[in-house]
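Undergrad: Following this message is one structure expressed as C-alpha cells.
The values are calculated or read from the model by the stated rules, or taken from the named source; none is laboratory data. Just so you know, these numbers come straight off a predicted model, no measurement behind them. For accessibility, only protein heavy atoms count, side chains too; no ligands or nucleic acids. Shrake-Rupley method; radii C 1.70, N 1.55, O 1.52, S 1.80 Å.
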Amino acid sequence: AIDGTSAQVQEAARDRGELYGGARINHIFRTEFFEELQSLDACHKLSDADIAQSIRQATGPRAPLFVPEVAFEVLARRQIRLLRSP
C-alpha cells in the first residue's frame, strides 16, 4: 500500500512511529534527497569559458539574443554525467 491507506500500514506506522509506503518516499524526496542535491555544486568542473564556448557553438554565425536552449542542454547533460559517476 504505497499510498499508506492500508490498515496494516497505518497500524505498523502507529506502533513503530515510522513512516511507510508513500509517506516514506515523500519524506526521502523532500528531506534527504533535497539536502543531498543542495550540497552539490552545480557548476563543479564548469568554467565561464566552457559556458561561453557552448553558447557560441550553439548559435553558429548569428549573435544570440538569449541563451540558446541547446547550449543549456549540452551543459546540463555534462553535469548530470558527473552525478552518475561513483
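Undergrad: Whole number in Å², please: accessible area per residue of segment 16-86, 1.4 Å probe, ligands, DNA and RNA not counted.
TA: 86
Undergrad: Just subtract the alpha-carbon distance of Leu65 and Arg81 from 0.36 nm times their residue separation and send over the number in nm, one decimal.
TA: 2.9 nm
Undergrad: Leaving out ligands, DNA and RNA, what percent of the accessible area of segment 38-77 is carbon and sulfur, probe 1.4 Å?
TA: That share works out to 61 percent.
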